[in-house]
Amino acid sequence: MTGTVVLLGPQRLEPTVRDAVAELGVEGRLALVTAGWEEREDDDGELVEHLEGRAVNLNAWSRMEDVFRRDPELLAGMRARHDRLRELQEVYRERLACTLEAARKLLTRAGDPALLDPEREAAIEDVRRLDAHHLERVHALYAGFDEEWRVGEREAVAQHRAEVRALLDDCGGLCVAGGHVAVLRNRMRALDILGGVGDRPVFAWSAGAMVLSQRIVLFHDSPPQGAGNAEVLEAGLGLCAGVVPLPHASRRLRLDDPTRVGLFARRFAPDACVALDARVRVTWDGARWTPGEAARRLMPDGALADLEAA
Amino acid sequence: MTLAIQQLERGLQKGPADVDAFLAEHDFPIVEGSKATFAWRGRADAVHLRHWIYGLTSSQPFHRLNGTDLWTLVMDVPPTSRVEYKLEIVRGDRHKLIQDPLNPHLATDPYGANSVVHGEGYVRPDWVEPDPEARPGELLERRWRSDVFGDVRPLTVYLPARFRETRRYPLLLVHDGADYLRFSAFKTVLDNLIHRLEIPPLIAALIQSPDRMTEYADDPRHADFLVQELVPQLESEFPLLDRPDARGLVGASFGAVASLSAAWRHPGFFGNLLLQSGSFVFTDIGEHDRGPVFDKVVDFTNRFRAEPGTPAENVFVTCGQYESMIYYNRSLVPLLQSTGMAVRFVEARDGHNWENWRDRLREGLSWLFPGPLWMVYE
């Protein structure tokens, strides 16, 4: 059973998670995942203080470090998987560059819409197909790994899973901070953190929000190197549906470029690409989204619009 | 396009009031398309614009507008250019170099400050300005006793924000480090690029030589100082990644020569080189004409061209199109590429100066040390 999921804008400078927790009337302790911060996982003082001392860090990053120390075989297996995933991502990225470039060229090409529009749609469909193909390949790789390694049955993992489950049993909700999106997803998955959450509310921001969605989309329109092609990384943990969370969208995306905005929105449709900037909040009740103040989504016409309940 | 100065010349009475109005109505130099109009007002026998653009006569004469005390010069300044200059005021036998009193834009360097004109489209990068959201790193000031050189010299160590002893960091060794800090906003740049995730958190050792023209000119002691003395000591004191691909050398002008020379003398020790406007003067035949201070540089560059080896894995080369070193750097790039190293070469419409080197840091550092931009969302 899935409870309420609240996706928030970045919390470092303008924290809002305490208000979100209060408005849902969550009582008791709050489990905290800061595994995306990696070795700084325990540097959670400001966040714990903001949460009025109610947070208990599940230490997901350091727990998995302990697993790797005790189970070097599993570590080697995960590293091999990581290498395969990285190579797969590179291959996908090569193909994506050409496919996206073609779509961008057609979207900005002048000419008769009657002639061009079907070609534009087909070009975007090519991108969608490539994204879907990549997700399938990554999923197959994970499935093969799970089948071979049965991570949850390994002694060190099982022990930590049990400890995490016990901590979660004692909490009224879960908070998932941002950081390194792949590290966060992998550690939450390995420790089956969502398996212990049940119908408790979950509050997530930045990479945490990305991890809870159905697919993780990496994005930056103006990187110092490269074309800035948004790319699908892998499936998220799927706690909420129908949204592509875009933390720091105002900083990372050229929201004043209608071609890029429109392509982004059309590529990931029907999911709503939501700009998760500071103070933004959107709430998922298991079936539909309720936008909070300032929640905006990228539109197919290249504009930004208020996110409507859906 | 009719330039503003042409309008003044054509239609007006050219009295003091017209000149007053002209000066009040415009920001100077007036940049219109690819033309820049410089102006100076006062009594003089001649006025010149002194610049360091290679290929142009370094002194460009102003012309006095008939019947006025307004001196003007129209010069090509292509889009995105940065040109540093001074005005030379001639009165009798006296020649006085001054900053342009009508232009508030200054660029500082170890010799003082120059006026600077920005061509159309030049934008001062926002990442060279302090960002209140960026967590600041820390500068540690040290005195370094060098056995190689037998003296004590300053060393500044940059530690990134949220530095942790339990993490291991890449290392940048920066020649003329104090100048990079002062004139190229190096600390601000590192703070911002790390904050933006465009480079990873790293440690930088900023060195300063008391005799750079000797020590940076392929002095074997300098290479030994870096490899046998400085890096081992830094590795014992700070949590550094002990891998060539996590080490980089940065240098401009003679500092770039020192960087390439050190990497060449110790191939494979440094994985990454950022060479800015390197003074890589060489000769194909005969003697060079750069003066004795370049003797060792020319000797090194000629030897390097004969046997480049593979000094590093990645080399980022930058140079200004308006400096004499552009010829040598353009010539060097194919040779670097032929060694199998990954080479990136960037030219800019700028000169041999610290703001040119500053403006190229983002592209160079993020290429040599890519940050976790795509994977981290905080």
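Determine which single condition A:Arg12 fails, assuming it passes every other condition in (1) under 19 Å from the mean Cα position of the chain (by Cα); (2) open to solvent by 50 Å² or more (accessible area, probe 1.4 Å); (3) away from chain B (no Cβ under 14 Å).
(3)
For segment B:337-363, which positions are more than 30 Å from A:Leu184 (Cα to Cα), within 14 Å of another protein chain (Cβ to nearest Cβ) and either outside any loop (DSSP other than H, G, I, E, B) or hydroxyl-bearing (Ser, Thr, Tyr) (or both)? Quick ask: steps written out before the conclusion?
Looking only at segment B:337-363, we keep the residues that are more than 30 Å from A:Leu184 (Cα to Cα), and these are B:337-361.
So of that shortlist, the ones also within 14 Å of another protein chain (Cβ to nearest Cβ) come out as B:342, B:344, B:346, B:359-361.
Selection gives B:Ala342, B:Arg344, B:Val346, B:Asp359, B:Leu361.
Return a yes/no flag: does segment B:185-204 have any residue that is closer than 23 Å to B:Phe280 by Cβ, assigned by TED's automatic domain parsing to the domain that holds B:Val281 and outside any loop (DSSP other than H, G, I, E, B).
yes
When the residues of segment A:86-118 are narrowed to those that are small (Gly, Ala, Ser) and not in a helix (DSSP H, G or I), which ends up most open to solvent (accessible area, probe 1.4 Å)?
Here is the first cut: in segment A:86-118, the ones small (Gly, Ala, Ser) are A:97, A:102-103, A:110-111, A:114.
Those still in the list that are not in a helix (DSSP H, G or I) too: A:110-111.
Working: A:Ala110: 94, A:Gly111: 49 Å².
Across segment A:86-118, the extreme among qualifying residues is A:Ala110.
Please go through segment A:210-251 and pick out each residue that is touching a Pro at 6+ places or on another chain (Cβ under 8 Å) and among the polar types (S, T, N, Q).
A:Ser213, A:Gln225
Filter segment B:163-181 down to residues that are more than 14 Å from every other protein chain (Cβ to nearest Cβ), more than 17 Å from B:Ala256 (Cβ to Cβ) and open to solvent by less than 10 Å² (accessible area, probe 1.4 Å), then give me how many there are.
Residues meeting the conditions: 1.
Which condition number in (1) within 14 Å of chain A (Cβ to nearest Cβ); (2) crowded, with 20+ Cβ neighbours inside 10 Å is the one that B:Leu332 fails?
All conditions pass for B:Leu332, except number (1).
Between A:Asp126, A:Asp83, which is within 22 Å of A:Ile216 (Cβ to Cβ) and surrounded by fewer than 13 Cβ atoms within 10 Å (Cβ to Cβ)? Write out each step before concluding.
Working: A:Asp126 fails: surrounded by fewer than 13 Cβ atoms within 10 Å (Cβ to Cβ).
Result of the check over A:Asp126, A:Asp83: A:Asp83.
I'd like the full set of residues that are among the basic types (Lys, Arg) and more than 18 Å from the chain's Cα centre (by Cα), limited to segment B:181-200.
Restricting attention to segment B:181-200, the residues satisfying the condition of being among the basic types (Lys, Arg) are B:182, B:187, B:196.
Scanning segment B:181-200 gives a single hit, B:Arg196.
Quick check on B:Asp151: is it over 29 Å from A:Asp43 (Cα atoms), assigned by TED's automatic domain parsing to the domain that holds B:Asn353 and surrounded by 14 or more Cβ atoms within 10 Å (Cβ to Cβ)?
Working: over 29 Å from A:Asp43 (Cα atoms): yes; assigned by TED's automatic domain parsing to the domain that holds B:Asn353: yes; surrounded by 14 or more Cβ atoms within 10 Å (Cβ to Cβ): no.
Here the answer is no, as B:Asp151 does not meet what is asked.
Scan (1) within 12 Å of chain B (Cβ to nearest Cβ); (2) at pLDDT 95 or above; (3) open to solvent by 20 Å² or more (accessible area, probe 1.4 Å) for the single condition A:Ala230 breaks and write down its number.
Status for A:Ala230: all satisfied but (3).
Residue check, A:Gly178 against (1) more than 14 Å from chain B (Cβ to nearest Cβ); (2) closer than 20 Å to A:Thr4 by Cα, all met but one. Which one?
For A:Gly178, the failing item is (1).
Listed residues B:Leu171, B:Leu139; which is under 20 Å from B:Leu368 (Cα atoms), assigned by TED's automatic domain parsing to the domain that holds B:Asp359 and within 25 Å of the chain's Cα centre (by Cα)?
Numbers: B:Leu139 fails: under 20 Å from B:Leu368 (Cα atoms).
Testing whether each residue is under 20 Å from B:Leu368 (Cα atoms), assigned by TED's automatic domain parsing to the domain that holds B:Asp359 and within 25 Å of the chain's Cα centre (by Cα) leaves just B:Leu171.
Look through segment B:125-147, keep the residues that are open to solvent by 50 Å² or more (accessible area, probe 1.4 Å) and more than 14 Å from B:Leu193 (Cα to Cα), and return whichever of them is nearest to the other protein chains (Cβ to nearest Cβ).
B:Glu138
Could you say which residue among A:Asp199, A:Asp221 is open to solvent by 10 Å² or more (accessible area, probe 1.4 Å), among the acidic types (Asp, Glu) and more than 13 Å from chain B (Cβ to nearest Cβ)?
Numbers: A:Asp221 fails: more than 13 Å from chain B (Cβ to nearest Cβ).
One residue alone meets the criteria, A:Asp199.
From the list A:Leu239, A:Leu174, which one is open to solvent by 10 Å² or more (accessible area, probe 1.4 Å), farther than 21 Å from B:Arg196 by Cα and touching a residue at least 40 places away in the same chain (Cβ under 8 Å)? Walk me through it before giving the result.
Numbers: A:Leu174 fails: open to solvent by 10 Å² or more (accessible area, probe 1.4 Å).
The unique qualifying residue is A:Leu239.
The values are calculated or read from the model by the stated rules, or taken from the named source; none is laboratory data. Treat the numbers as computed from the prediction; the structure is a model and nothing was measured. Quick reminder, even Gly has a Cβ in these numbers, built from the backbone with ideal geometry, and neighbours come from all protein chains shown. Please note that ligands, DNA and RNA were not included when accessible areas were found on the heavy atoms of the full protein model with its side chains. Shrake-Rupley method; radii C 1.70, N 1.55, O 1.52, S 1.80 Å.
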